[in-house]
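As structure tokens, the structure follows; a few thoughts come after it.
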Amino acid sequence: MLPRDTNARGTIFGGVILSHIDLAGAVAASRRAQRNFVTRAMHEVEFIAPVYVGDVVSFYTAVLREGKTSITIQVEVEAERSKEPLGRVKVTAAEVIYVAVDEAGNPIALR
């Protein structure tokens, strides 16, 4: 993470992490179904540990559920501390629901 992403305490803004969670989940959804997706909801986001400038942050995804037009992706976030190269810490996790949409923004089938 970079200095431009920090808050007054010197840690990374939660909103920056949320944005990356959304991007990671959208990539996972698009790999599962070649569709355009919009974010419907993000559930159970609790920040467990801070992220510092210089941390390497990884986002791991898994498909939890598929509906007719929606897909739910679990995103786990870990930070590798720059001062502790072997130290990884779980930062947060979220379930993100995406809906497949057509050019007009109307829901469409995943397949």
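For this structure, a couple of remarks:
- Here is the figure for the range 34-52: residues that are within 30 Å of Glu103 (Cα to Cα) and buried (at least 18 other Cβ atoms within 10 Å of the Cβ) total 2.
- Restricting the range 84-102 to residues that are in contact with a His (Cβ under 9 Å, 6 or more places away or on another chain) and surrounded by 19 or more Cβ atoms within 10 Å (Cβ to Cβ), the residue that is nearest to Gln34 (Cα to Cα): Ile97
- Index of the failed condition, Ala29 passing every other in (1) of a type outside the set (Asp, Glu); (2) surrounded by 18 or more Cβ atoms within 10 Å (Cβ to Cβ); (3) in contact with a Leu (Cβ under 8 Å, 6 or more places away or on another chain): (3)
- The residues on offer are Arg32, Arg4, and the sole one that is of a type outside the set (Gly, Ala, Ser) and farther than 22 Å from Glu80 by Cα is Arg32.
- Number of positions in the range 13-37 that are without any contact (Cβ under 8 Å) to a residue 40 or more places away in the chain and touching an Asp or Glu at 6+ places or on another chain (Cβ under 8 Å): 2
- In the range 53-69, the residues that are surrounded by fewer than 16 Cβ atoms within 10 Å (Cβ to Cβ) and farther than 22 Å from Ser30 by Cα: Val53, Gly54, Val56
- The residue of the range 65-91 that is farthest from the chain's Cα centre (by Cα), among those that are farther than 30 Å from Pro50 by Cα and outside any strand (DSSP E or B), is Lys68.
- Residue in the range 70-83 that is exposed (fewer than 13 other Cβ atoms within 10 Å of the Cβ) and not charged (D, E, K, R) present: no
- Candidates Val45, Val16, Val27 - the one that is β-branched (Val, Ile, Thr), within 12 Å of the chain's Cα centre (by Cα) and not in a helix (DSSP H, G or I): Val45
- Filtering Ala62, Ala94 for residues that are assigned to a strand (DSSP E or B), among the hydrophobic types (A, V, I, L, M, F, W, C) and within 25 Å of Asn7 (Cβ to Cβ) leaves a single hit, Ala94.
Where a number appears in this text, it was derived from the coordinates with a stated rule and is not lab data. The structure presented is a predicted model; accordingly, all values stated were derived computationally and were not measured. Positions of Cβ are backbone-derived with ideal geometry, glycine not excepted, and every protein chain shown enters the neighbour counts.
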